[in-house]
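The values are calculated or read from the model by the stated rules, or taken from the named source; none is laboratory data. Everything numeric here is computed off the predicted structure, so don't read it as measured data. Ideal geometry is used to build each Cβ from the backbone, glycine not excepted, and the neighbour counts take in all protein chains shown.
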Amino acid sequence: MPAKPDPKVPMHRFAFTKLTESQIGTALAKVAATGPASASPRTDALKGKTIRIVTDKGGPTLAYRFTADNRLTVSENGGKAVAAGYGALVQDRITLFTHLIPGTLRGYGVVIDTASNIATVVELWFGGYQDKREVMREIYAGYVETAGKAAPAGRHVATNRFEGKGFYWKQDTGYETLEYYPSAAYSHFVELTGRGDELGFCGPSDYIQIDDEFYIITRTECEFSGTFTLSVVDLNRQEQIGLRLGFDRTDALDYYVFRGRGEWLGQIAQFEKLGDTAGGVIPIPEGGGKGARRVYRPLQTMPKMSKAEVAAAVAKGSRVFAPRTGAGSGAAGMATHGTPAVDGLAGKSFTIRYDGGPVMDYRVASIDTLEWRKDGGAWVKARYQAWEPMPGVFLFGHLLEGAPDHDGHSIVADFDNGLVTCFNGFLNTPYIANEAGARTLFGVLEGAGIPDPGARRHARTRDMLGRALTWNYAPGLSSMHLYSTPTTTSWIIFTDSGAGGMEWSGPGDFVKIRDGLYFVYWLEEACNGTLGTIVINMRTMHDAGIGYHCGTEGLSMSQVGAHARHAGLFDVQRFFPKQEG
Amino acid sequence: MSNDREPTRRAFLKGGAVLAAPLALATPAVAIAADDRAERLRRLEDEAAIRALHRDWLRRVNGGADAAGLFVDARAARCLDAAVCGLTGDPAASADTIEIAADGRRASGRFLCVVETQSRIAPESTLAQMALAQGGGVVRERARRLVSADYVKAGERWAIAGITLREA
């Protein structure tokens, strides 16, 4: 089973070993003869059988002879038969088996619907990508040849019919996950630890429909361990059988078949045209070879800067609420549908006292200029912008010029209640210097006519947990947020057809400001490094937000604003114990 | 809008009437009628030729073909924004207008069209980068526009002198 998740070093922070093909081959050789492990009894339904599987479009023809309940011989495309270990499980009329090809870095997973003899063959191999530990896959549709019978006409097909579902799964290994399928090309998974502070992660997925009840789902943990998981999901019984192949964070080989029992978490909306059930929604790159697909690899593509490079970039000049801040500048361009900035703070003077944090004094001169001072220090002039997402509640943001970590404050101030929450962005985190970190500060607002809240504060909330909201920032720029854990924001990018496409995620925080009004952030850790902060008004279904980002072009703060739609709610509260604060 | 550059059809007709009046003093009625019919026929043939030229231009724009050969100056053929990928006549529009100058050598046309544009979003944010990475990030828009065209007759052939698009 997978190594236990370590909340202190989450998946995106773990430095997975760059395994060599030789190391991988040595590990595979040990299990190629025995077949995969299994916590549940493996089926002997195939023992003594001989089958030939034919696949379409240049795929392999596989001739099997199952000599025992864990031994087979296989001939690929009429070649010499080789002996290997295998493991098989049966779920109703679905049979799943998997084996490796001894002496190679390859193997297969095969799913057969024994009622129709239609089969899906998944070829698996290591070494095909630059990170050799990442499992590659190619999927072939086909059937089991039956003497004297014509080939069945139907095939298992790529589909979007699984999109929008969510399940809690517990494998017979004890491995527990929440799995969200808000995309037709990616999935989002949370390895449950019982602590309540889990992060969710994303991986490219395949969704193949066997029929209305059974689906084949795959996930490859690209950018992380590279592990591949395939499961056949029985929607009505909420059960799964599957296989897992990969190397865990201790570089131990995971190769096993599993059974899992699930709990239904819900179904959120899909945004394709009615009647569109097409799968394979992300086009395969032109000229791509076997196993080619588009995979989002943000760690590879983001510019990574040192602390000195960050200081130099910031010294070049910061851009605060500039109309456009240029390529790669975080949240720029995400405000075409934003609300206009307001001048409601102009002329006001007030103080914010953060609990365990700084005391910030403000003198606001105009719609875009204020002065701030921290802990009674010198006044500093800064450019800012403000929005009023609900009467009396202002979101405003500014950079703290001169701060050693180039801090930026995104502040929600409720003047009717004297309460403040700040998402304090900063740079020079221990991992990548230009990646934003965030701390959440709660406090009170003091000034003429502002009521004293006493001990009351804004507080973290679970109201957003499990929700999915779409955001349309500008023509052609839409996404969907999925608040998958109390500390995770995931984002899904729609394809042109409205299907969920690529998905990624990062840490998040969720604060209730008023009924129907929430202050939320997403943090693009190990992924461009942007801190996105938004006030979500669940009544107007609009947000007002501020992005904070540092790249080679410098430090920027920019407006975020989009129209929202409520895509639905997954019922996941019970999986996360309440935590105070 | 000024008509300095674009003589109107009314101007053409007025010019024609002024030219015809002296002839009426000395020419038999039958001859006048024959001239008028010939003039009207020529005008109808010119209008038909210009409409055909406009249709040819639309076909080339929509087919992504080179339209330079339809223009007096090939440089004027680059009159559309690079984002324009389609241009179709607006079926809901009132009749298009073609006005031919009195000299019969110049003309102007106004056509209501639906313009389709297609442009890639800039990779300014993570979301935009992801949209582009998955093969999307293309913004397609449709808008009604008024196509104003100037035409010149060179020999017996009409050619496009220039085309501008503006909000309808």
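Brief remarks follow.
- Residue check, A:Val257 of a type outside the set (Lys, Arg), in contact (Cβ under 8 Å) with a residue 60 or more places away in the chain and farther than 28 Å from A:Met502 by Cα: no
- Answer from A:Asp211, A:Asp254 - the residue that is surrounded by fewer than 19 Cβ atoms within 10 Å (Cβ to Cβ) and either more than 19 Å from the chain's Cα centre (by Cα) or not in a strand (DSSP E or B) (or both): A:Asp211
- Pick from the stretch B:149-167, criterion buried (at least 16 other Cβ atoms within 10 Å of the Cβ) and over 13 Å from B:Ile50 (Cβ atoms), ranking: nearest to the chain's Cα centre (by Cα): B:Gly162
Residue-wise test of (1) within 20 Å of A:Arg42 (Cβ to Cβ); (2) buried (at least 17 other Cβ atoms within 10 Å of the Cβ); (3) of a type in the set (Ser, Thr, Tyr).
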| site | (1), (2), (3) |
| --- | --- |
| A:Val90 | yes, yes, no |
| A:Leu96 | yes, yes, no |
| A:Thr104 | no, no, yes |
| A:Ala115 | no, no, no |
| A:Phe126 | no, yes, no |
| A:Glu138 | no, yes, no |
| A:Ala158 | no, yes, no |
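- Only one entry in A:Ala468, A:Ala448 is at pLDDT 95 or above, closer than 30 Å to A:His566 by Cβ and either among the hydrophobic types (A, V, I, L, M, F, W, C) or in the same structural domain as A:Phe510 (by TED's automatic domain parsing) (or both), namely A:Ala468.
- Residue within the stretch A:495-508 that is buried (at least 24 other Cβ atoms within 10 Å of the Cβ), within 14 Å of chain B (Cβ to nearest Cβ), part of a strand (DSSP E or B) and among the acidic types (Asp, Glu) present: yes
- Of all residues making up the stretch B:73-92, the number that are in a loop (DSSP other than H, G, I, E, B) and either at pLDDT 95 or above or surrounded by fewer than 16 Cβ atoms within 10 Å (Cβ to Cβ) (or both): 7
- Any hit, the stretch A:49-72, residues being closer than 23 Å to A:Gly25 by Cα and in contact with a Lys or Arg (Cβ under 6 Å, 6 or more places away or on another chain): no
- Residue in the stretch A:336-352 that is touching a residue at least 12 places away in the same chain (Cβ under 8 Å), of a type in the set (Phe, Trp, Tyr) and surrounded by fewer than 20 Cβ atoms within 10 Å (Cβ to Cβ) present: no
- Subset of the stretch A:525-578 that is assigned to a loop (DSSP other than H, G, I, E, B) and of a type in the set (A, V, I, L, M, F, W, C) - its residue that is farthest from the other protein chains (Cβ to nearest Cβ): A:Phe576
- Matching option when the condition is without any contact (Cβ under 8 Å) to a residue 12 or more places away in the chain, away from every other protein chain (no Cβ under 14 Å) and outside any helix (DSSP H, G or I), among B:Ala122, B:Ala95, B:Ala107: B:Ala95
- Output for the stretch A:288-313, where each listed residue is surrounded by 18 or more Cβ atoms within 10 Å (Cβ to Cβ) and among the hydrophobic types (A, V, I, L, M, F, W, C): A:Val295, A:Met302, A:Met305, A:Val310, A:Ala313
- A:Arg133 being farther than 27 Å from A:Arg155 by Cα, basic (Lys, Arg) and out of contact with any His (no Cβ under 9 Å at 6 or more places or on another chain): yes
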